[in-house]
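The values are calculated or read from the model by the stated rules, or taken from the named source; none is laboratory data. For clarity, every value in this text was computed on a predicted model and none was experimentally measured. Here the Cβ positions follow ideal geometry from the backbone for every residue, glycine too, while neighbour counts run over all protein chains shown.
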Amino acid sequence: MNNFTQHNEGYYMNIPARPLGLIMNVVAKLGLKISYAYKDLAFVEENAFLFRMEDVPENISLFFNEAINRNEKGEIEDKIIKAGKEEGLTIICKGTFSIKEALNQKITILFNGVLGTPYCGIPPSKQ
């Protein structure tokens, strides 16, 4: 029962706080919209980047689509981080992602890059 807390009246499910509303505010400041949210992920229209909500609600991981070039990434990354600070969020670029079609109309999201790597995980060949 790791996801449950016992109270006098029974058990209650522990639901982690997710700052989706704050992320929506960040995206709105950029003139964009969240196109899809699923569990801890929030996809931004056109899938240029996505946010992953972490266990600490104020910490948000940012991943760019691997198809984006370095110049586009640099311009938007600074704006995202600034808008995040205004909303009380710490947004850290963690790398890139790609989306692959899987069986039965499902998708697989592949995360690449490691925190602290140059260009937020975007390989020099994509610059």
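Report whether or not ILE80 is closer than 17 Å to LEU41 by Cβ and either surrounded by 15 or more Cβ atoms within 10 Å (Cβ to Cβ) or modelled with pLDDT under 90 (or both).
yes
I need the strands (runs of 3 or more DSSP E) fully contained in region 19-106, keeping only those with at least 3 residues that are touching a residue at least 40 places away in the same chain (Cβ under 8 Å).
In region 19-106, 49-53, 59-65, 90-101 are the strands (runs of 3 or more DSSP E) which contain 3 or more residues that are touching a residue at least 40 places away in the same chain (Cβ under 8 Å).
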